[in-house]
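Reviewing the structure listed below.
The values are calculated or read from the model by the stated rules, or taken from the named source; none is laboratory data. This is a predicted model, so every value here is computed, not measured. Cβ sites come from the backbone with ideal geometry, for glycine too, and all protein chains shown count toward neighbours. Please note that ligands, DNA and RNA were not included when accessible areas were found on the heavy atoms of the full protein model with its side chains. Shrake-Rupley method; radii C 1.70, N 1.55, O 1.52, S 1.80 Å.
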Amino acid sequence: SDPDDEPIRPRRRSPIALLIVGLLAVMFVWEALQTPPDPDARFNLVVEGDVAYAFGGTDKDSFEDVRRQLDANPQLETIVLRNVPGTTHLGEITRIARMIRARGLDTRLERGSFIASGGVDLFLAGVERTMECGARIGVHSWQDENGENPRSLGFDPIEDGMRAFHAEIDVDPDFYSFARDAAPHSSLYFLDRDDLE
């Protein structure tokens, strides 16, 4: 018989290749089924061993919530900020940041992390701060409950305090005015590579 007329036998797939393809499919399906983070969720730490994963924004009650969680988990070494969009109470964010620094905790951003506004101060509070490429850091000005902001007031009543706070956590005090002036309260400026350096 003519060899050109013989049917082509299907190539056998390696069991390892099939396993890898199957695992990848499961990972994509799992990712698709996950509920996206709620931007209005309150700040919470999810503890896994010596790492706590942070989600949500802070409010006037967050300091005590975080203190209780840290007290209950003295083994913690690192806080990974996954989705921390900011705060509704600036005084609380600086108290939490000081507590993070006082307890000697490191902070980390993963590839998919998003932090903004007051969430940035929580990251900066880490004794050692690390981030993976792809993490997003957004900064902007503040606005109070009456709609006032540094521009409308003609001065910034919290600038001296925030500069002192940043100096206290080993951050250049000029970072505060840079972040405040980078974008109005209604939007965000995302730090680029030069900013990060």
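Could you order Asp50, Asp65 by accessible surface area, starting with the largest, using a probe radius of 1.4 Å?
Sorted descending by solvent-accessible area, the residues read Asp50, Asp65.
So what are the ³J(HN,Hα) numbers for the range 42-50, from phi and the Karplus equation (6.51, -1.76, 1.60; θ = phi - 60°), rounded to whole Hz, Gly and Pro as x?
My calculation for the range 42-50 gives 6, 4, 8, 10, 10, 8, 9, x, 9 Hz in order.
Ordering Ile158, Ile169 by accessible area with a probe of 1.4 Å, largest first, what comes out?
Largest accessible area first, the residues go Ile158, Ile169.
Principal axis extents for the range 127-171, Cα atoms only, whole Å, descending order, please.
Each principal axis gives a Cα extent; for the range 127-171 these are 37, 25, 15 Å.
Just flag the trypsin sites (Lys or Arg not before Pro) in the range 100-188 sitting in loop per DSSP whose Cβ has no more than 16 other Cβ atoms within 10 Å.
Those that pass, being in a loop and sparsely packed, are Arg103, Arg111.
Report the FRET efficiency, 1/(1 + (r/R0)^6), for Leu153 and Phe178, where r is their Cβ-Cβ distance and R0 is 22 Å, rounded to 0.05.
It comes to 0.70.
Put a dot 7 Å past each Cα toward the Cβ at Glu128 and Arg193; how far apart are the dots in nm?
Rounded to a tenth, the inter-label distance reads 2.5 nm.
Each residue of the range 85-94 in order: what ³J(HN,Hα) in whole Hz does its phi give by Karplus 6.51 cos²θ - 1.76 cosθ + 1.60, θ = phi - 60°, with x for Gly and Pro?
Calculated HN-Hα couplings, in order: x, x, 8, 9, 8, 4, x, 5, 5, 6 Hz.
Quickly rank 86-98, 69-81, 184-196 as a protection proxy: mean count of other C-beta atoms within 10 Å, highest first.
Result, highest mean first: 86-98, 69-81, 184-196.
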